[in-house]
Amino acid sequence: MLTEDPSFYIENPSRTDDTMAPAGHSALYVLVPLSHQHPNIDWSKECDRYRQVALRQLAKLGVGDIEKRIRFERIVTPVEWESKVGIYRGATFNLAHNLGQMLHLRPQNRFEEFDGMYLVGGGTHPGSGLPVIFESARISARLLLEDLGQAA
Ligand SMILES: Cc1cc2nc3c(=O)[nH]c(=O)nc-3n(C[C@H](O)[C@H](O)[C@H](O)COP(=O)(O)OP(=O)(O)OC[C@H]3O[C@@H](n4cnc5c(N)ncnc54)[C@H](O)[C@@H]3O)c2cc1C
């Protein structure tokens, strides 16, 4: 079930980088975190409807009057994340990006069921997001070196 009142993230990189759009135009990036692919959600039907939901959310923040000024638009749904980028179920943040599945509650870096196997990345402890993933890599590398008897 998709919420009708999603949180979202909006960025206008053209404010600080004028190569992002032709003169007099802006490049807007809007991220609306939603469910991974699920049998209850048919993105071929939801995409257009949900575009309107996102535009309504922007208007609530005072970013209205956008739709008729859009010259080019690209929407990526979980379907494309899975089919084009190979992300399982289009779940770009892996497990849930919330306290119930973050930090020590994520799968551990030293794989618990096979010796000599290590996990790394957004689906692993401590969680998703680039700074956290770099930390995940650091932890996995340290554990690997420890197990090999090498100084980290
Ligand atoms: C739209 C969006 C905005 C984001 N914004 C931010 C942000 O502002 N700040 C932030 O910190 N994080 C952000 N993130 C999250 C961050 O990008 C991810 O958490 C991070 O990229 C995950 O890194 P990863 O190395 O675990 O996986 P990925 O970056 O997904 O890398 C996994 C790679 O494995 C490849 N692959 C998959 N299956 C196979 C296979 N069978 N064989 C070989 N290769 C395979 C995939 O093609 C992919 O290249 C954002 C994510 C998205 C989608």
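What the table below lists for this structure:
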| quantity | calculated |
| --- | --- |
| For region 60-101 and region 1-49, distance of Cα centres in Å | 5 Å |
| For the chain, size of Cβ-based charge dipole, Lys and Arg +1, Asp and Glu -1, in debye | 440 debye |
| Size of region 9-90 as Cα extents on the principal axes (Å, biggest first) | 42, 27, 19 |
| Relative contact order, percent, region 9-90 [alpha-carbon distance under 8 Å, six or more residues apart] | 23 percent |
| Segment GLU67-LEU31, extension gain: residue separation times 0.36 nm, minus the distance between their alpha carbons | 11.3 nm |
| Amide H contacts under 5 Å for ARG110, placed H, 5+ residues apart | LEU119 |
| For region 65-128, fraction of C-alpha pairs farther apart than 19 Å, in % | 53 percent |
| Contact order relative to length of the chain, as percent, for alpha carbon pairs under 8 angstrom and 6 or more apart | 13 percent |
| Pair-distance profile P(r), taking every C-alpha pair of the chain, with 5 angstrom steps and integer % | 2, 8, 13, 15, 15, 14, 12, 8, 6, 4, 2, 1, 0 |
| Residue order, fewest to most beta carbons within 10 Å, for SER7, SER14 | SER7, SER14 |
| Cα-based reach from LYS68 at 20 Å (exclusive), listing aspartates and glutamates while leaving out same-chain residues under 8 positions away | GLU11, ASP48 |
| Radius, Kirkwood style, for region 103-147 when every pair of distinct Cα atoms is counted (Å) | 10.2 Å |
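Where a number appears in this text, it was derived from the coordinates with a stated rule and is not lab data. Keep in mind that this is a model prediction, so the values were computed, not measured. For neighbour counting, all protein chains shown are included, and Cβ atoms are generated from backbone atoms with ideal geometry for every residue, glycine included.
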